[in-house]
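Encoded as structure tokens, the structure appears first; notes follow it.
The values are calculated or read from the model by the stated rules, or taken from the named source; none is laboratory data. From a predicted model like this one, the values you see are computed outputs, not experimental measurements. No Cβ is skipped: glycine too gets one built from the backbone with ideal geometry, and neighbour counts run over all protein chains shown.
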Amino acid sequence: MAAVQTSSAEVQAYNTALTNLQITITKLNDQGPELLCDISTGRARPIVPPDFRRSVFEAVHDLSHPGVKATVKLVSEKFVWHGLRRQVST
């Protein structure tokens, strides 16, 4: 995901966008790569490039098949992307 983040214009736009997000480059663990993340919630949430969104959704949803609201909540607690709520809800 880190390599795709650096080449994705959409992800890189978060660096200059005027939002309430606090964007920083961070490691989620000691061995992991550096990722562009939002830290505004007190937890590092990676900004997910378009090519990875379906995989993220399926990984969260397939754990227990929660309803729409629960899936949106679970995904948005750990990840960020533009249109997340709309895309996860459909």
Legend entry - Flag if Glu10 is under 15 Å from the mean Cα position of the chain (by Cα), of a type outside the set (A, V, I, L, M) and under 17 Å from His82 (Cα atoms): yes
Legend entry - Every pair of residues 6+ apart whose Cβ atoms lie under 7 Å, when the first sits in the stretch 49-65 and is on the phi < 0 side of the Ramachandran plot and aromatic (Phe, Trp, Tyr) while the second is crowded, with 16+ Cβ neighbours inside 10 Å and modelled with pLDDT of 90 or more: Phe52/Met1; Phe57/Val75
Legend entry - Single residue of Val48, Val88 found to be among the β-branched types (Val, Ile, Thr) and modelled with pLDDT of 95 or more: Val48
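Which one of Val56, Val48, Val72 is closer than 18 Å to Ser89 by Cα and either in contact with a Ser or Thr (Cβ under 7 Å, 6 or more places away or on another chain) or loosely packed, with under 13 Cβ neighbours inside 10 Å (or both)? Step through it out loud before you land on a result.
Values: Val56 fails: either in contact with a Ser or Thr (Cβ under 7 Å, 6 or more places away or on another chain) or loosely packed, with under 13 Cβ neighbours inside 10 Å (or both); Val48 fails: either in contact with a Ser or Thr (Cβ under 7 Å, 6 or more places away or on another chain) or loosely packed, with under 13 Cβ neighbours inside 10 Å (or both).
Criteria check complete, one pass: Val72.
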Inset, instruction - Give the residue, chosen from Leu28, Leu36, Leu21, that is hydrophobic (A, V, I, L, M, F, W, C), surrounded by 14 or more Cβ atoms within 10 Å (Cβ to Cβ) and in contact with an Asp or Glu (Cβ under 8 Å, 6 or more places away or on another chain). - result: Leu21
